[in-house]
Amino acid sequence: MAGNRSSVFIDGEAGTTGLGIRERLRAVGEIEIKSLSDAHRKDPAARRDIMAEVDLVVLCLPDDAAKESTALAEGLGDASPKLLDASTAHRVDPGWVYGFPEMLPGQAARIAAATKVSNPGCYPTGAIALLRPLIDAGLLAADHPVSINAVSGYSGGGKSMIQAHETSHGPAFELYGLGLEHKHVAETELYGGLTRRPIFVPSVGHFRQGMLVSIPLHLDTLRGKPTGADLRAALAAHFDGCALVSVKPVPADGKLEPEALNQTDRLELYVHANEPRRQAVLVARLDNLGKGASGAAVQNIGLMLGLDAKIGDAAHG
């Protein structure tokens, strides 16, 4: 601690997520951000020393590097800081708490009490928000064959994809992950409450940030043959009172674009239904750099350091 302030070290702060977290935390006077010089940011001894000085370390690193940093921190024993991992290295590790506060009743309290929290992926945030409440409400069977389609801005693809789009303009639209082994599937299945592995088809568009996650459903294949209104009501009940997650009326023109929530940490959920056809499409909209990355991390930092209300006032869009 620095006086009454909590201290945070972002290991990997030069990346897109790290920069976003740093920018959001600058607005929070109760947090001091500690950094290493460029000459020392890859020095294990320097990283270990700064970890011993802070209350919380955010890991914005590739998976293997995140595991190495975790070992460094845990090697400090009683001086170990709390850890928030933004990589996929620990998202399905039972020793880590999943950092989606609105996912379940009591999840925010579990995050607040945890010493190790895994920040969710951007795509799973949307998919889990749509699926888990319906499964918990008994409207969707855990073994239902689920297909998830999603499109993200190119900022979610890392430095090489960002450079390709911003220097060479990149493709207007591109499907990827067609080997059906995307790294986000495991957490989507586990925390979505599914027992059957979903089909996940991600894509990227030629826009910097923003995201739509959509799940088509045949209503007559669901438990109790619910209406679209039933699905909407279950989602609304689950997220009632949540500051950042809300269920919205469908637009009159039947269209949704992915950039409407950019620069915010909000997540919007929609149920588009055609009752005569007994079909529905669930849609989640978010900023992949907000509630899908840096915004979610700052929300978790607030819970872990007991500053959630103050961070919410200062940093949430």
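The values are calculated or read from the model by the stated rules, or taken from the named source; none is laboratory data. This one's a predicted model, so the numbers in the text were calculated from it and none came from an experiment. Ideal geometry is used to build each Cβ from the backbone, glycine not excepted, and the neighbour counts take in all protein chains shown. For accessibility, only protein heavy atoms count, side chains too; no ligands or nucleic acids. Shrake-Rupley method; radii C 1.70, N 1.55, O 1.52, S 1.80 Å.
Data for the structure
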quantity: Accessible solvent surface per residue of the chain, calculated while the other protein chains remain in place, 1.4 angstrom probe, Å²; calculated: 43 Å²
quantity: Max mean-square fluctuation residue, GNM over the chain, Cα-Cα springs under 10 Å, options K82, K67, K183; calculated: K183
quantity: Within the chain, percent of DSSP bridges classed antiparallel, to nearest 5; calculated: 45 percent
quantity: Rounded to 10°, Cα long-axis angle of helix 122-136 versus longest principal axis of the chain; calculated: 50 degrees
quantity: Sequence-distant residues sharing a close amide H with V247 (under 5 Å, placed H); calculated: L269
quantity: The chain: angle of helix 16-25 to the longest principal axis, Cα-based, in degrees nearest 10; calculated: 70 degrees
quantity: Carbon and sulfur %, accessible surface of the chain computed with the full protein complex present, 1.4 Å; calculated: 51 percent
quantity: Per-residue ³J(HN,Hα) for region 278-289, Karplus 6.51 cos²θ - 1.76 cosθ + 1.60, θ = phi - 60°, Hz, x for Gly and Pro; calculated: 6, 10, 8, 10, 8, 9, 10, 10, 7, 8, 4, 9
quantity: Bridge type composition, region 1-137 - antiparallel percent by DSSP, nearest 5; calculated: 5 percent
quantity: At 0.890 mPa s and 25 °C, Stokes D of region 96-165 from Kirkwood alpha-carbon radius, µm² per second; calculated: 171 µm²/s
quantity: Choice from R91, R266, R26 with maximal GNM fluctuation in the chain (Cα, 10 Å cutoff); calculated: R26
quantity: Sequence-separation-based contact order of the chain, relative, with Cα cut under 8 Å and 6+ spacing, percent; calculated: 19 percent
quantity: Other-chain or far-sequence residues with amide H under 5 Å of E32's (modelled H); calculated: S6, S7, V8
quantity: Flagged links, alpha-carbon separation over 25 Å, of K82/K248; K42/K82; K42/K291; K34/K183; K159/K248; calculated: K82/K248; K42/K291; K34/K183; K159/K248
quantity: Residue with peak Gaussian network fluctuation, the chain [Cα springs, cutoff 10 Å], from Y123, Y176, Y191; calculated: Y176
quantity: Residues with amide H under 5 Å from that of K82, placed H, sequence gap 5 or more; calculated: L56, V57
quantity: The chain - mean residue ellipticity at 222 nm from DSSP helices (-39,500 (n - 2.57) per run, n ≥ 4, rounded to 500); calculated: -9500 deg cm²/dmol
quantity: Helix axis angle, 158-167 relative to the chain longest principal axis, alpha carbon, degrees; calculated: 70 degrees
quantity: D253-R208 FRET efficiency (beta carbon distance; Förster radius 22 Å; 0.05 resolution); calculated: 0.35
